[in-house]
């Protein structure tokens, strides 16, 4: 923030700061029971309409599902909102039918979510929103084209995390409309929301701070140049009501919407209140209208607020995010192969909503899983059986495997970890292990493997599969070489089968964990470790899909990437890759490795590490099956062993 302006400066610059606000409405809020929804409408949504009527234009963002729930309980609210829209006191901000996390679902599902949402917006409110709030502010470049094709002209996205990832952006960038560059080369208008600003307003309304310090904070954003500041962009359900998500929630005082009116009265006396879309009119200001790439290799999917809100929150934490996401993927694949109706797509969008993946209540979890199982019964094919070990027992420590397309060495003492892998299309081994002492950096002085599994929980010893494997080796009817092992661990045995193809440069992994207790921690698989000498470090890149129809490319040269680094003792990872079409590729222009994930078995989250140490590159892609955060409450969607399937494939230009 710039230095405080003098009183003379303030007089000279009065009116140069426009303010705007949008309120997020979500009756599917994870910890709100269905029978409480009428209360939320009365205590939160009606006061919001009165606020907009008095001080609008104010943005109201709601999923179409939420609007449908309001219409069924209080149609008068819908009628009043429609009138205020026509009068320009409200601007409708869109988000789709359900609040799903776009970077975690296939593009076709987001397309359906936006299409169904727009149809219902038109039907219920007679309006087609022009701006969309990115759900949970989880943005990827792949989503840009989907929003454009759905008719949106701009996105509202949190400033703080993209801004922190791009220190080269000018100071004025945060106050002006920009354009977000999509993976397909198209760009979309961009208006910024602001985490600190909306939290400041919440603190005033909740009596944590007084009005004068709050107003001083807003005044501090004035400047000689034209600027716009989003003073609020968060939940409506937290004023004069408490969703019950956290034990630390303040008690309701019963006057919070009155305090909200007080702060808006003071703000509008000093600043011009505009609709979110009016901010786009500042496109001709200096430093406005830049085409920006919001994401980086280190932060491939920016998310709202503090770092504890990262992609793992909806992918591999919660009660059983991994299980329910895989079930949704199975339903999706079945629908694509069958004759799904509009109602089927609507149900899938509801099932993939974020709220069932965080602090969902017991009652709603039971209802959700029943509906999920019902949809699975309609659309999901029976899973393929796990492989059965056969062939001869292996007693030696190292196992050398060779087919026309793959040559590899496995270490039976290390749970069948791969020491080296060379694909037929590559001149040298490209994957494998790096021995202790390979790097001078003490932080990297360990043994690094490919194909191993590591579970970590706070205050406990690691549980790994880096132990002796009872092993069998055979060649199947297709000529593929199969190696199967069982590794004992303190949590239970792990069965691991690797299939080395005789027909393509491919290794298939099939893992089954016979663990009764999954607990709270992180479980990371694969640990695909590049052998640095096989690649041109200056041209390394990773390509994958993060919810879009077009893949995204992240250049790694000069980048330090630590997706799996913990945020705190409570949050075990920082960032991640959605891999929503089931693959990621990593390598240089000539030599690449493709990692494929069977998302119908488990929608594993990609975690990339990349750094240069002493002139040597350390690059590793982990596949996360479980992470730890404040939403983690172990509760399996389906009981029994857990299975994971992924493959490593050699690719050459």
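The values are calculated or read from the model by the stated rules, or taken from the named source; none is laboratory data. This one's a predicted model, so the numbers in the text were calculated from it and none came from an experiment. Every residue, glycine as well, gets a Cβ built from its backbone with ideal geometry; the counts of neighbours run over all protein chains shown.
The sole residue among 207, 203, 179, 174 that is in the same structural domain as residue 58 (by TED's automatic domain parsing) and under 15 Å from residue 17 (Cβ atoms) is 174. In the set 58, 32, only one residue is more than 19 Å from residue 343 (Cβ to Cβ), assigned by TED's automatic domain parsing to the domain that holds residue 135, at pLDDT 95 or above and buried (at least 23 other Cβ atoms within 10 Å of the Cβ); that residue is 58. For the range 219-242, filtered to residues that are more than 26 Å from the chain's Cα centre (by Cα) and closer than 30 Å to residue 27 by Cβ, the residue that is surrounded by the most Cβ atoms within 10 Å (Cβ to Cβ) is 228. Only residues that are in contact (Cβ under 8 Å) with a residue 60 or more places away in the chain and either crowded, with 23+ Cβ neighbours inside 10 Å or under 23 Å from the mean Cα position of the chain (by Cα) (or both) were counted across the range 165-174, and they come to 2.
Reported count of residues in the range 248-304, each being at positive phi and in contact with a strand residue (DSSP E or B) (Cβ under 7 Å, 6 or more places away or on another chain), is 1.
Has the range 319-339 got any residue that is part of a loop (DSSP other than H, G, I, E, B), closer than 30 Å to residue 164 by Cβ, in contact (Cβ under 8 Å) with a residue 40 or more places away in the chain and not assigned by TED's automatic domain parsing to the domain that holds residue 580?
no
Only one of the listed residues (547, 519, 492, 526) is buried (at least 20 other Cβ atoms within 10 Å of the Cβ), out of contact with any helix residue (DSSP H, G or I) (no Cβ under 7 Å at 6 or more places or on another chain) and at positive phi. That residue is 526.
Scanning the range 343-367 for residues that are under 15 Å from residue 326 (Cβ atoms) and part of a helix (DSSP H, G or I) gives 348, 351, 356, 357. Evaluation of residue 138 against the conditions (1) closer than 27 Å to residue 287 by Cα; (2) surrounded by 24 or more Cβ atoms within 10 Å (Cβ to Cβ); (3) in contact with a strand residue (DSSP E or B) (Cβ under 8 Å, 6 or more places away or on another chain) shows that the sole unmet condition is (3). Screening residue 361 on (1) within 25 Å of the chain's Cα centre (by Cα); (2) closer than 21 Å to residue 511 by Cβ shows it passes everything except condition (2).
Residues in the range 251-286 that are part of a loop (DSSP other than H, G, I, E, B) and at pLDDT 95 or above: 271, 274, 275.
Which of the residues spanning the range 175-186 are buried (at least 20 other Cβ atoms within 10 Å of the Cβ) and either under 23 Å from the mean Cα position of the chain (by Cα) or in a strand (DSSP E or B) (or both)?
178, 180, 182, 183
Looking across the range 572-600, just one residue is closer than 30 Å to residue 459 by Cα and surrounded by fewer than 22 Cβ atoms within 10 Å (Cβ to Cβ), and that is 574. Within the range 368-404, the set of residues being without any contact (Cβ under 8 Å) to a residue 60 or more places away in the chain and in a helix (DSSP H, G or I) comprises 368, 370, 371, 373, 374, 375, 376, 377, 378, 379. Is it the case, given these coordinates, that residue 71 is within 20 Å of residue 269 (Cα to Cα) and either assigned to a helix (DSSP H, G or I) or at pLDDT below 95 (or both)? Considered against the rule, which asks whether it is within 20 Å of residue 269 (Cα to Cα) and either assigned to a helix (DSSP H, G or I) or at pLDDT below 95 (or both), residue 71 comes out as no. Just one residue in the set 420, 489 is in the same structural domain as residue 590 (by TED's automatic domain parsing) and assigned to a strand (DSSP E or B); that residue is 420.
Collect the residues in the range 83-98 that are closer than 25 Å to residue 30 by Cα and in a loop (DSSP other than H, G, I, E, B), keeping them in residue-number order. Give the derivation first.
First, pick out the residues of the range 83-98 that are closer than 25 Å to residue 30 by Cα: 92-98.
Matches in the range 83-98: 95, 96, 97, 98.
Per this entry, residue 429 is counted among residues that are at pLDDT 95 or above, assigned to a loop (DSSP other than H, G, I, E, B), crowded, with 18+ Cβ neighbours inside 10 Å and in the same structural domain as residue 535 (by TED's automatic domain parsing).
Residues in the range 467-486 that are closer than 12 Å to residue 503 by Cβ and free of Cβ contacts under 8 Å to residues at least 40 places away in the same chain were compared, and the one that is surrounded by the most Cβ atoms within 10 Å (Cβ to Cβ) is 476.
In a helix (DSSP H, G or I), touching a strand residue (DSSP E or B) at 6+ places or on another chain (Cβ under 6 Å), touching a residue at least 24 places away in the same chain (Cβ under 8 Å) and outside the structural domain of residue 361 (by TED's automatic domain parsing), is that true of residue 120?
no
What about residue 618, is it buried (at least 16 other Cβ atoms within 10 Å of the Cβ), outside any loop (DSSP other than H, G, I, E, B), under 21 Å from the mean Cα position of the chain (by Cα) and assigned by TED's automatic domain parsing to the domain that holds residue 518?
no
Within the range 618-635, the set of residues being in contact with a helix residue (DSSP H, G or I) (Cβ under 8 Å, 6 or more places away or on another chain) and within 30 Å of residue 418 (Cβ to Cβ) comprises 618, 619, 624, 625, 626, 627. Within the range 434-477, the set of residues being under 30 Å from the mean Cα position of the chain (by Cα) and within 30 Å of residue 653 (Cα to Cα) comprises 448, 449, 450, 451, 452.
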